[in-house]
Each structure stands twice: as structure tokens, then as C-alpha cells.
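Notes for the one structure printed next.
Just so you know, all these numbers are worked out from the coordinates, no wet-lab data involved. What you see is a predicted model, and the numbers here were worked out from it, not measured in a lab. Cβ atoms come from the backbone with ideal geometry, glycine included; neighbour counts cover every protein chain shown.
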Amino acid sequence: MVEIDAGLLRDILSRYQGKDSELIPVLLEVQENYSYLPEEAIKSIAGLLNIPEGKIYSVSSFYSQFRLTPVGRQHITVCRGTACHVRGASQILSELEQEIGIAEGETSDDLEYTLESVACIGCCALAPCLKVNGNVHGEMTVQKVEELFIAEEAS
Ligand code: FES
């Protein structure tokens, strides 16, 4: 289990009154602060709202915006939409998997990287593209993927 800032969790939970209807808002606020829903936070939320932990897990699994695992410091999202697909998104993804040593959908053990793919990131004119921590990198090539990580390592 990843250690979390317990003081921050206490501060967040202190703003809620313990009503059932607060479940989604409290989950959103916890995730906004930790980037996912830590196990410890789920236990505390269950206690605060007096509901079973299982209910929180089923709600958080139902809504795709909730995450139950931590996100790496470098959150890489590769676009696999049509425009990116026809311009080589699969190659870009394979190169990234090799470069950082994890498969799509995984987070590295050291929490440095999370690698995911999405349907479209809204920059089709720059296809193929990807995002690193929200910053778009367009017209990607295998060469540019290598350069991106050489630049990241040097910084
Ligand atoms: S299809 Fe890749 S940005 Fe739209």
C-alpha cells in the first residue's frame, strides 16, 4: 500500500458532514488531491459516511473517471483515434512500451510512468500525438519518442 498524506486526508474529510449524498463529491476531492483513490482514503470515507467499503469500490469502478491505482509522475496518454491510428499510433505506443518498460494500462513500480491510450485527445491535425502530463506532443515519430525521453532524462 502506498503511504499517503494522512493530514491532507483528515483536512478533506473534515469538510464533509457524513451524509450519503456526499459520496461522489468526497471521492472527486480525494482523487483531485491524490490523483487516485487510495485504499486508506476509501476506508476513512466508508467510516465517515457509514457505508460499506464495497459500495465505494462499486461506485468508483462504475464511473470511469475514478482511479483505484496511483498515477506515475509522468502520465503518458497516447491517442489511438482514427487520425492517429492511420498515422502510426500503434508504432508510437510500441516504442513507448519499449522505452519505458511497461505495457499500455500500467504504471511502473517506481511510480515514474503511467502509460495509457485514449480515443482522441482533440488535436487530430497533429496526428499522431500523445500527451505527457497534459502537454500535447504532435506529429510523433519513433525518433521523437526516443528524443522525448532522452530530454526527460537529461532534465
Ligand atoms: S485522433 Fe488523435 S487527436 Fe484526434
- Message: Just to be sure I understand the filter: pairs with C-beta atoms under 7 Å, separated by 6 or more residues or on different chains, first member in the stretch 61-90 and on the phi > 0 side of the Ramachandran plot, second member within 14 Å of the ligand (Cβ to nearest atom). Which pairs pass?
- Response: Gly88/Pro128
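How many of the residues making up the stretch 35-59 are among the β-branched types (Val, Ile, Thr) and without any contact (Cβ under 8 Å) to a residue 24 or more places away in the chain?
So the first thing to find is which residues in the stretch 35-59 are among the β-branched types (Val, Ile, Thr), and the list is 42, 45, 51, 56, 59.
Now restrict to residues that are without any contact (Cβ under 8 Å) to a residue 24 or more places away in the chain: 42.
Number of matching residues: 1.
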